[in-house]
Amino acid sequence: MAIFLNNDDQEKSITPESAMDALAHGIKQLAEGNALRRPRVDNLIPTENPENYFSLSSMEGGVRDPGYFAVRLKPDIYGWVKRFGKMRETTYNTRPGLYGGLVLLFSTRNAALLAIMNDGYVQHLRVAATAALGMKYLSRENSHVLGIYGSGGMAKFFPLTAKVARPIERIQVYSPNREHLETYLEVMKPKVNCEIVPMDNAEKVVRGADILASCTTSMEPVAQPDWIRPGMHLNSVTPWEFSPEVCAKIDAAGILVRRTPPSAKGLIDDGFGMKLHVLSWIAGTPEERAKVPTGPQSEDRYVNARIVDCCDWKSGRTYSDDRRRDEITVLANHSYGTIEGDFGISAGIQGVQFASIAGRIYEGAVKKGLGHKFPEDMFVQNIPT
């Protein structure tokens with residue numbers, strides 16, 4: 001019998017520690033060949049508003065143990081606007097302020113639909129959990145200060161998982177939207193159990209920070225290269241947030257799995273292009289297709305960095321066990337820990353993230369009796385398909 005889990009149900013069903021544990025287990029299976037992910041694909045169609053596009057973004061993946069397969073569907077109206085001096089991506093479903101993403105969770109044992117979930121909570125948690133694994137595997141063990149750019153959804157989740165990964169004692173946060181920043185402080189202070197300090201400009205976030213996490217929707221760089229100090233660990237949510245000059249300062253880029261980088265070279269199809277830094281199919285005139293942002297170059301992003309393994313999955317030993325104190329590290333491909341090749345974000349491990357963490361959420365919800373139950377005959381039929 002399938003259950004529906006809203007975002008509140010999900011939050012009650014899992015902890016940051018449990019999410020990171022489930023994800024590490026899923027990534028280990030991917031490294032061993034016992035998990036898979038189908039790359040993210042975006043499909044865009046122009047709307048009657050020349051500034052907007054309908055987009056259906058999808059990604060999927062499965063883990064052999066404990067036997068979950070997840071499909072994430074994200075229908076949006078996309079737009080791009082200039083806010084606080086930087087170009088930003090905007091999305092909504094139905095009307096601004098509402099979002100329509102769903103995660104469908106299946107059993108790989110009998111193909112049954114187990115759960116339908118709003119994607120808001122699990123989406124933010126899976127990114128923050130992966131970023132925190134990067135901190136655990138790549139940052140200095142005595143990292144105490146976390147710097148955060150942004151005051152939105154991702155910025156609310158990163159501190160929760162970062163405190164699991166490292167002994168964070170102080171959080172420094174900046175947002176150009178002062179009203180959002182003040183609300184952020186009110187929400188987060190009871191949750192983080194450590195000092196959290198608002199900064200009045202972006203540069204001050206980096207001063208004294210051991211870990212820098214950029215959690216914005218900016219499509220332009222948010223940090224200057226001369227702000228980045230030896231010994232720091234970097235995280236970003238999007239490829240735009242750190243410029244090539246910042247990336248050139250990185251000494252070691254960590255990967256979670258050794259996989260051949262996928263390639264889109266030679267893929268020719270009407271309307272296909274690497275847009276928004278992902279595999280995209282776009283309808284419309286040539287002029288309409290050209291209006292969709294391309295995204296930064298992903299190949300050769302870490303021009304001066306060594307590509308290192310975050311973790312030896314057999315021994316459990318991590319790169320941070322032997323890292324040099326002055327190294328600047330990053331989890332490759334933002335919060336995915338893979339080499340992008342020319343696939344951009346589509347080379348990530350989104351499917352494994354959703355299968356692992358949504359599966360753990362489902363287990364917790366069943367134990368607590370949470371969620372709305374559906375009759376079985378809503379999702380099965382006696383006509384073969």
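The values are calculated or read from the model by the stated rules, or taken from the named source; none is laboratory data. Remember, predicted model here, so these are calculated numbers, not experimental data. Glycine gets a Cβ as well: all are built from the backbone with ideal geometry, and neighbour counts include every protein chain shown.
Residue-wise test of (1) more than 17 Å from Thr329 (Cα to Cα); (2) touching a strand residue (DSSP E or B) at 6+ places or on another chain (Cβ under 6 Å); (3) in the same structural domain as Ala332 (by TED's automatic domain parsing).
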{"position": "Gly208", "(1), (2), (3)": "no, yes, yes"}
{"position": "Ala213", "(1), (2), (3)": "no, yes, yes"}
{"position": "Met219", "(1), (2), (3)": "yes, yes, yes"}
{"position": "Ala223", "(1), (2), (3)": "no, no, yes"}
{"position": "Thr238", "(1), (2), (3)": "no, no, yes"}
{"position": "Phe242", "(1), (2), (3)": "no, yes, yes"}
{"position": "Ala248", "(1), (2), (3)": "no, no, yes"}
Is it true that some residue in the stretch 296-319 is in contact with a strand residue (DSSP E or B) (Cβ under 9 Å, 6 or more places away or on another chain), of a type in the set (A, V, I, L, M), touching a residue at least 60 places away in the same chain (Cβ under 8 Å) and not in a strand (DSSP E or B)? no
What is the residue count in the stretch 321-360 for residues that are among the hydroxyl-bearing types (Ser, Thr, Tyr), modelled with pLDDT of 95 or more and part of a helix (DSSP H, G or I)? 1
Single match in Gly62, Gly85, Gly97 (criterion: under 21 Å from Ile3 (Cα atoms) and either surrounded by fewer than 17 Cβ atoms within 10 Å (Cβ to Cβ) or among the small types (Gly, Ala, Ser) (or both)): Gly62
Looking for something at pLDDT 95 or above, farther than 30 Å from Met1 by Cα and not in a loop (DSSP other than H, G, I, E, B) - is there at least one such residue anywhere in the stretch 108-124? no
Members of the stretch 258-284 that are modelled with pLDDT of 95 or more and over 14 Å from Pro39 (Cβ atoms): Ile282, Ala283, Gly284
Considering (1) touching a strand residue (DSSP E or B) at 6+ places or on another chain (Cβ under 9 Å); (2) within 27 Å of Val308 (Cα to Cα); (3) in a loop (DSSP other than H, G, I, E, B), say which one Asp270 fails and leave the rest. (2)
Answer with yes or no whether Leu98 is over 27 Å from Leu331 (Cα atoms), in contact with a strand residue (DSSP E or B) (Cβ under 7 Å, 6 or more places away or on another chain) and assigned to a loop (DSSP other than H, G, I, E, B). yes
Of all residues being surrounded by fewer than 21 Cβ atoms within 10 Å (Cβ to Cβ) and within 21 Å of the chain's Cα centre (by Cα) in the stretch 304-327, which is nearest to Pro244 (Cα to Cα)? Just the residue, please. Ile307
